[in-house]
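Step one of this worksheet: look at the structure below.
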Amino acid sequence: MAIFDQAIRRLSLSLSLSRRRSSLSFSTLSSNPLRVCVVGAGPAGFYTAEKMLKAHHGAEVDIIDRLPTPFGLVRSGVAPDHPETKIVMNQFSKAAQHERCSFFGNFTLGSSVSLSELRELYHVVVLAYGAESDRALGIPGEYLSGIHSAREFVWWYNGHPDGKNLSPDLKSTDTAVILGQGNVALDAARILLQSTSVLATTDIASHALEALEQSSIRKVYLVGRRGPAQAACTAKELREVLGIKDLYIHINEVDLHKSPEDEEVLKNNRIHRRVYELLSKAATSAPSHPSSSQRELHFVFFRKPDRFLDSGEGSGRVAGVHFEKTVLKGAFLSINGVVVTALSHLLYVAQHLNRTVGPGKQIAVGTGSYEYLDCGLVLKSIGYKSLPVDGLPFDHEKGVVPNIKGRVLAETSGDPTQLEKGLYVCGWLKRGPTGIIATNLYCAEETVASISEDVHQGEIAPTSTFPKPGRQGLLQLLDNRDVRAVPFSAWEKIDSEERRLGNLRSKPREKLTTYENLLKVATE
């Protein structure tokens, strides 16, 4: 690995020295440009870099990431059978190849370099590293074997190097329960139920394809706390899973009965209305029973997990989920104090996402009635969670960095006058794990607008008196610590090799799924 270290360092340093600078910065001479570091090479990070390059005609932008590969969830989160969504990588590549932009991967904020060091090296630091952990349910049995987060499962089938060793047991059971009904949950269900002959033509990881080919899973239950009028998925994702060939769909028609509050939701939200229509059509058009050869997808509404049950054989494996039935109550009613918490959350969402909180909002409340569902595999699709780093103000309850339009607040009190100068956020770290890839475009526009305003007002000003070393300082610091930074040119080698290997298997690419193989190809 020492050879790899030396090669990567030479590659990184030569790349930084060969970059041509533009003749003018935003308001300074090229000898002292605005230096910007974006932490996180996913959609939020690349959109931020793109907007910065356009808004500041001389700024140098460096994008860093802990992985040796760029593009974040576009590479590791988007389902393999959604190649059209991944086309955005071409746009991001153009940004990375811009003469004033660099990508450096394979080192971690917090251990390889601290946030305080980055702030010393750059005039502007934008944190866009997303959410790489999971929310917990906090119920008994949550850590039994056979229970995984949907994030882990997605990383596993997408070839993320941290998901290589997940090895979900798909052989010992014919039933899987997915908690949640958002797009990630539907992706997971589709991967479990789709024909492997279809998946074989995608860039799904080979280890996942092999496991799916031997899978015994025949029934998947998608379970939600609320009803079909509140389902969190999009119509596009729902159509795809409903359209799987020779798949039996089961929805209890009684769950489709609409309350006046449901009518209000559907009247005011086109996405929810279309999803409800698709579910209704699927419920009424499906046969009463599956054939013996069919796989099954069951939509289960008005249920929340109460606890996970052990097989009782001393194996520590999950054998089922104990659910409490729920009903919906208006968020503006008083229900033993529970609604007060819900209302606070709704107000927070409205404040940060510019959404209206109206009388149609409802929450799921337990009824005290329970039921049990046998299964041997559980995927929790209940939300991603961002993690803090040293020196970063962080709201642990909401899982975000306290900010105003991307400007990081010095404390969680919300005082807009107390800001962390030169420090900004974008993406899930800014607004929570919500939205689609395009949502990050608007999020980045807002953050970059805040940066530009601060530059105009002199809050951020490159000066000859206090210059910032930027890229060269970062590379020197990493070199001193023997940290191997992978530049974009090394990623292009990985990309080329994955495409070559994929071509041999009639796939768009064959992903390299270990750090060792990724770094080996990067240094060849």
Checklist entry - So which chymotrypsin sites (Phe, Trp or Tyr not before Pro) in the range 127-233 end up in coil per DSSP with only 12 or fewer other C-beta atoms within 10 Å? => result 143
Item to check | Length-normalised contact order for the range 136-382 - Cα pairs under 8 Å, 6+ apart - percent | outcome: 28 percent
Next on the checklist: Suppose the chain between residue 120 and residue 480 were pulled fully straight at 0.36 nm per residue; how much longer would it get relative to their current alpha carbon spacing?
Outcome noted: 127.9 nm
Item to check | Mean separation of Cα contacts under 8 Å, 6 or more apart, over the residue count of the chain: relative contact order % | outcome: 22 percent
Checklist outcome for this item: Rounded to a whole %, the carbon-and-sulfur portion of the accessible area of the chain at a 1.4 Å probe is 50 percent
Checklist outcome for this item: Regression test value, accessible area per residue of the chain, probe 1.4 Å, units Å², expected 44 Å²
Checklist entry - Under a Cβ-Cβ cut-off of 15 Å, what is the net charge of the residues other than residue 221 that fall near it, where Lys and Arg count +1 and Asp and Glu count -1? => result +4
Checklist entry - About its Cα centre, how strong a charge dipole does the chain have in debye, to the nearest 20, once Lys and Arg get +1 and Asp and Glu get -1 at the Cβ? => result 960 debye
Checklist outcome for this item: Quick shape summary for the chain, equivalent ellipsoid via Cα gyration tensor, semi-axes whole Å in descending order, reads 42, 29, 20
Checklist outcome for this item: Sorting 243, 290, 215 by the position of each Cα along the dipole of the range 136-382 (Lys, Arg +1; Asp, Glu -1; all at Cβ), the one nearest the positive end of that ordering is 243
Checklist entry - What is the set of long-range amide H partners of residue 306 at a cut-off below 5 Å, with H atoms built 1.01 Å from backbone N? => result 322, 323, 324
Item to check | Ranked by how many other beta carbons lie within 10 Å on average, peptides 111-121, 482-492 from highest | outcome: 482-492, 111-121
Next on the checklist: What distance in nm separates the two pseudo spin-label positions at residue 520 and residue 197, each 7 Å out from Cα along the beta-carbon direction?
Outcome noted: 3.4 nm
Item to check | the range 414-524: relative contact order in percent, alpha carbon pairs under 8 Å with at least 6 residues between | outcome: 15 percent
Next on the checklist: In the chain, if the dipole is taken from +1 on Lys/Arg beta carbons and -1 on Asp/Glu beta carbons about the Cα centre, which of 157, 34, 202 is farthest to the positive end?
Outcome noted: 34
Next on the checklist: Antiparallel versus total DSSP beta bridges in the range 136-382: what percent is that, nearest 5?
Outcome noted: 45 percent
Next on the checklist: Starting from 0.36 nm per residue, how many nanometres of slack lie between residue 252 and residue 87 once their C-alpha separation is accounted for?
Outcome noted: 55.6 nm
Checklist outcome for this item: Mean Cβ-within-10 Å packing, highest first, puts peptides 266-274, 376-384 in the order 376-384, 266-274
Checklist entry - Out of the DSSP beta bridges found with both residues in the chain, what percent are antiparallel (nearest 5)? => result 40 percent
Checklist outcome for this item: Under 5 Å from the placed amide H of residue 37, counting only residues 5+ away or on other chains, we find 62, 124, 125, 126
Checklist outcome for this item: Residue by residue through the range 59-70, the couplings from Karplus 6.51 cos²θ - 1.76 cosθ + 1.60 with θ = phi - 60°, in Hz, x for Gly and Pro, are 5, 9, 10, 10, 9, 10, 8, 6, 8, x, 10, x
Checklist entry - How large, in Å, is the range 136-382 by the Kirkwood hydrodynamic radius built from its alpha-carbon pairs? => result 19.1 Å
Item to check | the range 84-203, Rg to Rh (Cα coordinates; Rh as Kirkwood inverse mean 1/r) | outcome: 1.04
Next on the checklist: Taking θ = phi - 60°, what integer Hz values does the Karplus form 6.51 cos²θ - 1.76 cosθ + 1.60 yield along the range 217-231, in sequence order, with x for Gly and Pro?
Outcome noted: 5, 10, 10, 10, 10, 9, 10, x, 6, 10, x, x, 6, 10, 3
Checklist outcome for this item: Rg/Rh over Cα atoms for the range 162-268, Kirkwood Rh, comes to 1.02
Item to check | Derived scalar couplings ³J(HN,Hα) [the range 124-134; Karplus, 6.51 cos²θ - 1.76 cosθ + 1.60; whole Hz; x for Gly, Pro] | outcome: 10, 10, 10, 8, 9, 8, x, 9, 10, 9, 10
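The values are calculated or read from the model by the stated rules, or taken from the named source; none is laboratory data. Predicted model, so just to flag it, every value in this text is computed and none were measured. With ideal geometry, Cβ positions are generated from the backbone for all residues, glycine too; neighbour counts draw on all protein chains shown. Keep in mind that these areas ignore ligands, DNA and RNA; they rest on the heavy atoms of the full protein, side chains included. Shrake-Rupley method; radii C 1.70, N 1.55, O 1.52, S 1.80 Å.
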